[in-house]
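The values are calculated or read from the model by the stated rules, or taken from the named source; none is laboratory data. The shown structure was predicted, so the numbers you read here are calculated from the model rather than taken from an experiment. Every residue, glycine among them, receives a Cβ derived from its backbone with ideal geometry; neighbour counts consider all protein chains shown. Ligands, DNA and RNA are excluded from the accessible area calculation, which covers all protein heavy atoms including side chains. Shrake-Rupley method; radii C 1.70, N 1.55, O 1.52, S 1.80 Å.
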Amino acid sequence: MNLKSLIRTVPNYPKPGILFRDISTLLYNGNALKYISDVYFNRYNNKNINAIAGIEARGFIFGSIIAEKLGIAFVPIRKKGKLPCDVISEEYSLEYGTDSLEIDISSLNNNSKVVIVDDLIATGGTAIAAGNLVKKLGADIIEYSFLVNLPDIGGSTKLIDNDYKVHSLMEFAGE
Ligand code: AMP
């Protein structure tokens, strides 16, 4: 299936110079969702993975599809201030300023084998912050999985250089 053709590219959003890769149009296609779910199942079934950690917000969509199909836990990694429980936080840099991600301290432990899921990797800042949270709870990161990789921005290389495995379903090179 040609998943790339289902992504809507919006130039200059949310600001000038950014080519926004909008997954909404892929979500409108039920066959694509089914296809993606099957690809993930074949990749992760019987791999001793017991949790999917999805990054808010679009990582929740694909992360829950995978977790449901495998019958394993889904752990939301949330933006600051959203979780009503004891959390640990990890700050990461944005182009201007910083933001934080948080995880419930009861969600994972040193028996957890985790795949971290988001819709897209660009600089990798979000993914690295999410990974630091997972590691602080003692869990193992089996792999990072993204629907879209923008390889030329360098995030996936950063993860690979730090000995993480990175999987993606499509790449947009040159941006
Ligand atoms: P980064 O931390 O730079 O890897 O950015 C990853 C996060 O920002 C993901 O959660 C994406 O949803 C979002 N993002 C960054 N760049 C883009 C882009 N060009 N198109 C769509 N989403 C993006």
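Structure notes:
- Near pairs, Cβ below 7 angstrom, 6+ apart or cross-chain, from the stretch 19-47 (in contact (Cβ under 8 Å) with a residue 12 or more places away in the chain and more than 13 Å from F62 (Cβ to Cβ)) to any residue that is open to solvent by less than 50 Å² (accessible area, probe 1.4 Å) and β-branched (V, I, T): R21/I7; R21/V148; D22/I7; D22/V10; T25/I7
- Y144 meets each of the listed conditions (1) modelled with pLDDT of 95 or more; (2) in a loop (DSSP other than H, G, I, E, B) apart from (2).
- Contacts under 7 angstrom Cβ, first residue in the stretch 102-127 being under 18 Å from N48 (Cβ atoms) and of a type in the set (A, V, I, L, M, F, W, C), partner outside any loop (DSSP other than H, G, I, E, B) and open to solvent by 20 Å² or more (accessible area, probe 1.4 Å), 6 or more apart: V114/D140; V114/I141; V114/I142; V115/I142; I116/I141
- Just one of (1) surrounded by 14 or more Cβ atoms within 10 Å (Cβ to Cβ); (2) in a helix (DSSP H, G or I) fails for R21. It is (2).
- Residue match in the stretch 160-171 (condition: within 14 Å of the ligand (Cβ to nearest atom), assigned to a strand (DSSP E or B) and open to solvent by 50 Å² or more (accessible area, probe 1.4 Å)): yes
Residue-by-condition table, conditions (1) farther than 15 Å from A130 by Cα; (2) modelled with pLDDT of 95 or more; (3) touching a strand residue (DSSP E or B) at 6+ places or on another chain (Cβ under 6 Å):
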position	(1), (2), (3)
L3	yes, yes, yes
L6	yes, yes, no
N31	yes, yes, no
N48	yes, yes, yes
I55	no, yes, yes
V87	no, yes, yes
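- Top-ranked residue in the stretch 103-141 [being hydroxyl-bearing (S, T, Y) and farther than 15 Å from V166 by Cβ; ranked as nearest to the ligand (Cβ to nearest atom)]: S107
- Residues of the stretch 119-137 satisfying the condition of being assigned to a loop (DSSP other than H, G, I, E, B) and open to solvent by 50 Å² or more (accessible area, probe 1.4 Å): T123
- Subset of the stretch 101-118 (residues that are open to solvent by 10 Å² or more (accessible area, probe 1.4 Å) and assigned to a strand (DSSP E or B)): E102, D104, K113, D118
- Apart from one condition, T98 fits all of (1) more than 16 Å from the ligand (Cβ to nearest atom); (2) out of contact with any Ser or Thr (no Cβ under 8 Å at 6 or more places or on another chain); (3) without any contact (Cβ under 8 Å) to a residue 24 or more places away in the chain; the exception is (1).
- Residue count, the stretch 50-74 (criterion: more than 16 Å from the ligand (Cβ to nearest atom) and open to solvent by less than 10 Å² (accessible area, probe 1.4 Å)): 3
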